[in-house]
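In what follows, a single structure is set out as structure tokens and then discussed.
The values are calculated or read from the model by the stated rules, or taken from the named source; none is laboratory data. Treat the numbers as computed from the prediction; the structure is a model and nothing was measured. Note that each Cβ is placed from the backbone with ideal geometry, even for glycine, and that neighbours are counted across all protein chains shown.
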């Protein structure tokens, strides 16, 4: 037994380094992706023309998003008889979110399961169930919101396209490519898609009777409303027109489009979808491009700020 002690201590010390290591790797990867796409430069240009107070509120909401997400995750893991401290859950969620922005294929979920295992010895099987359950919840909210948005704006968008006043051809082509890519992925990787859907269905069946449905549903709604509020604040910051249908479309359709493209954080697909909604929202394509860029850059920058606050709270004993 005594001979195993140094090995255990070394493994524990290494495990404690996993979260900061993945955090910094994810942050550098996200910054690199934004830099190579030219979004940092465009965001800086847009900031000079925007109202700063709404942008500051966007940063604040971006700092709160991983906390909301982590709180829901703790509830699902608790239903699976695995307790995760709130501070640790939030830090793991921040790191996994950066992995989402930095890597293709939305690797945030497996990264989160890995971090939970290395940091807290949480079983992979339970983390996988919780990830599938949460992904299913978020997907259902986006699908429902997107369908409602399309019902509200559909005829107007079609009319704009017929009269030639809709989005530029290159944007429509980008959306068509994204849709084609989604269809190709669904066909080529249909067995993988079927497994993912089966895993989500199994997770709902397993957790449906165990999880605290009311709080989890409220947190899911709160998480989406916070992201939708970010869109509303950016419309305000850039003096862009706002209507309920346009706001709903901008808050759902781009996120849904970004989930089917195997690029870091859905980069490109989300922006193309936002700009293509110019005809439906009454905003200019350049204005919506500025909104898309600011949304991504500010939410990425909010993650390290959130981690700083979380670490400060832990040092002060707020998470104990």
Test residue 143 against the criterion of being closer than 18 Å to residue 256 by Cβ and either outside any helix (DSSP H, G or I) or under 19 Å from the mean Cα position of the chain (by Cα) (or both), and give yes or no. yes
So residue 88 clears everything in (1) modelled with pLDDT under 85; (2) assigned to a helix (DSSP H, G or I) except one condition, right? Which one? (1)
Have a look at 53, 75 and point out the one that is out of contact with any strand residue (DSSP E or B) (no Cβ under 9 Å at 6 or more places or on another chain), under 13 Å from residue 219 (Cβ atoms) and surrounded by fewer than 22 Cβ atoms within 10 Å (Cβ to Cβ). 75
Take residue 294 and tell me if it is surrounded by fewer than 21 Cβ atoms within 10 Å (Cβ to Cβ), at pLDDT 80 or above and touching a helix residue (DSSP H, G or I) at 6+ places or on another chain (Cβ under 6 Å). no
For region 56-63, indicate whether the set of residues that are closer than 24 Å to residue 220 by Cβ, crowded, with 22+ Cβ neighbours inside 10 Å and at pLDDT 90 or above is non-empty. yes
Return yes or no: is residue 267 within 23 Å of residue 45 (Cβ to Cβ) and at pLDDT 80 or above? no
Taking the condition of being surrounded by fewer than 16 Cβ atoms within 10 Å (Cβ to Cβ) and assigned to a helix (DSSP H, G or I), how many residues in region 107-127 meet it? 2
